[in-house]
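S.K.: Please read through the structure below; I'll follow up with questions.
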Amino acid sequence: MIAAGGLSAGLWMEPTKRLREVEGALMELWRSRGFSEVVPPLLVPEAAARRASPEALNSRILPVRSEGAGPLALRADFTSGVAWMVSRRVERLDGPLRLCYSGVVVRRPRGDGSAGLEILQSGCERVSGSPGPEGDEEILALAAESLLSFDLKGAVLELGHWGLVGPLLESVAWPAEGKEALGRALNAKSLSALGGLEDRYGATAESRALRRLLHVGDRPGEVESLRPDLQALGAWEIWLELRNQGARLEALFPGLTLRLDPADVRHWDYYTGLTFKAFRPGHPSAVLSGGRYDGLYPALGRSFGAIGFAVDLSGIGPAGQARGGAVR
């Protein structure tokens, strides 16, 4: 979708046809599960967009000059746009609000040039009357069903949880730049980088626990060996629940390739609980990504909880084939 210099070259006829078939199949699935389609605004108040976006995305928000409407920004993320819509329209929820959407988000390119300005996404949000894990299983199952609705050879769904790593990152007694570098090292799964940071800033109980979590990786049996450490950190019950969620998901979807990631560190200023993402061979980033973000609506004046996910259509369209042959 992105040409040289970050400008969109658009999609020509056959790629557009494939993408719309993928998009249509996803939206049909989500509507059949009780989700109502909405069209979030392309232009949102810049302040609201920044309040409702993770810090890593704030630097990629594109402000727009406006006359009389106050500072505006192009939507860089659908979740923040949906939250802004809901917070303006809904004061109280007596039951969950299930919403889905599809369209373009616009972002500044990353420094490494790995993502350009226009990204085509479809996604779902489940908003509850109060924060908490209610609805996690529903959305996680829908994410797995969405992934399996296309024959993406080698696709893997990874599960993580803020409660395993987030508190350790927050409490490690390092300066801000050290914590940022620690997050990058964990995201890159680099034990050597973590070791270098310990040499520079000093090893702590938190950094040693993170090292052990990173070392065991996605091997559940190895994580079990860390039970005393995780219990001391108050994270053992979280690990058990994550493991149980994975087992339930594998029972529901026998064809699903699942991996538990005890060291997932994506956007810890945004997610507050369960996280998940899916990868496929040959695509540079996650084709599906989501999680629980109970801090989002309070930032907009509503005491709601929320969980959701978005699908990168470019990660499915070119090679995705819907089961039953709807997408070619």
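S.K.: Report the FRET efficiency, 1/(1 + (r/R0)^6), for S192 and R227, where r is their Cβ-Cβ distance and R0 is 30 Å, rounded to 0.05.
M.R.: After rounding to 0.05, the efficiency reads 0.70.
S.K.: At a Förster radius of 30 Å, what calculated FRET efficiency corresponds to the Cβ-Cβ distance of E67 and A299, to the nearest 0.05? Intermediate values should be presented prior to the final figure.
M.R.: Numbers: r = 27 Å, r/R0 = 0.91.
Efficiency at R0 = 30 Å is approximately 0.65.
S.K.: What angle do you read, to the nearest 10 degrees and between 0 and 90, between the alpha-carbon axis of helix 13-32 and the longest principal axis of the chain?
M.R.: Roughly 70 degrees between the two axes.
S.K.: While we're on this one: Separation between the R243 and E28 pseudo-spin-labels, each 7 Å from Cα along Cα→Cβ, expressed in nm?
M.R.: For R243 paired with E28, the spin-label model returns 4.1 nm.
S.K.: If you average the sequence gap of Cα pairs under 8 Å that are 6 or more apart and divide by the length of the stretch 156-279, what percent do you get for the contact order?
M.R.: Result for the stretch 156-279 is 54 percent.
S.K.: On to the next question. 7 Å from Cα along Cα→Cβ at both A173 and R88: what's the point-to-point distance in nm?
M.R.: 4.8 nm
S.K.: Under 20 Å Cα-Cα from K17, which aspartates and glutamates qualify once same-chain neighbours fewer than 8 residues away are excluded?
M.R.: E28, E118, D151, D312
S.K.: Further, regarding this structure: Quickly estimate the mean residue ellipticity at 222 nm for the chain, helices only: each DSSP H run with n ≥ 4 gives -39500 (n - 2.57), and the total goes over all residues, rounded to 500.
M.R.: -12000 deg cm²/dmol
S.K.: Given charges of +1 on the Cβ of Lys and Arg and -1 on the Cβ of Asp and Glu, with all other atoms neutral, how large is the dipole of the chain about its Cα centre, in debye to the nearest 20? Kindly include the intermediate steps, with their values, before the conclusion.
M.R.: Working: 38 positive and 39 negative charges, 131 e Å.
In debye, rounded to 20, the chain gives about 640.
S.K.: Continuing with the same structure: List the lysines whose alpha-carbon lies under 27 Å from that of K189, not counting same-chain residues fewer than 8 positions away?
M.R.: Hits, sequence-local ones excluded: K153, K179, K277.
S.K.: Now, a different point. Given the C-alpha centroids of the stretch 157-219 and the stretch 282-302, what is the distance between them in whole angstrom?
M.R.: Between the Cα centre of the stretch 157-219 and that of the stretch 282-302, the gap is 21 Å.
S.K.: Using +1 at the Cβ of each Lys and Arg and -1 at the Cβ of each Asp and Glu in the chain, identify which of G10, A141, F309 lies farthest towards the dipole's positive end.
M.R.: It is G10.
S.K.: Moving to a separate point now. Using Cα atoms only, what is the angle between the long axis of helix 176-187 and the major principal axis of the chain, expressed in degrees (0 to 90) to the nearest 10?
M.R.: 80 degrees
S.K.: Then there's this: Need the full-extension length gain, L42 to V104, defined as separation in residues times 0.36 nm minus the C-alpha distance. One decimal, nm.
M.R.: Extra length from L42 to V104 when fully extended: 21.5 nm.
S.K.: Still on this structure, I have one more. Given G255, Y271, G234, which one lies farthest toward the positive end of the charge dipole of the stretch 156-279, if we put +1 on the Cβ of every Lys and Arg and -1 on the Cβ of every Asp and Glu?
M.R.: Selected residue: G255.
S.K.: What is the dipole size for the stretch 156-279, taken about its Cα centre, with +1 at each Lys and Arg Cβ and -1 at each Asp and Glu Cβ, in debye to the nearest 20?
M.R.: Computed charge dipole of the stretch 156-279: roughly 200 debye.
S.K.: Against the longest alpha carbon principal axis of the chain, how many degrees, from 0 to 90 and to the nearest 10, is the axis of helix 162-171 turned?
M.R.: Approximately 60 degrees, to the nearest ten.
A short reminder: the numbers here are calculations on the coordinates, not readings from a lab. Just so you know, these numbers come straight off a predicted model, no measurement behind them. Backbone-built Cβ (ideal geometry, glycine too); neighbour counts: all protein chains shown.
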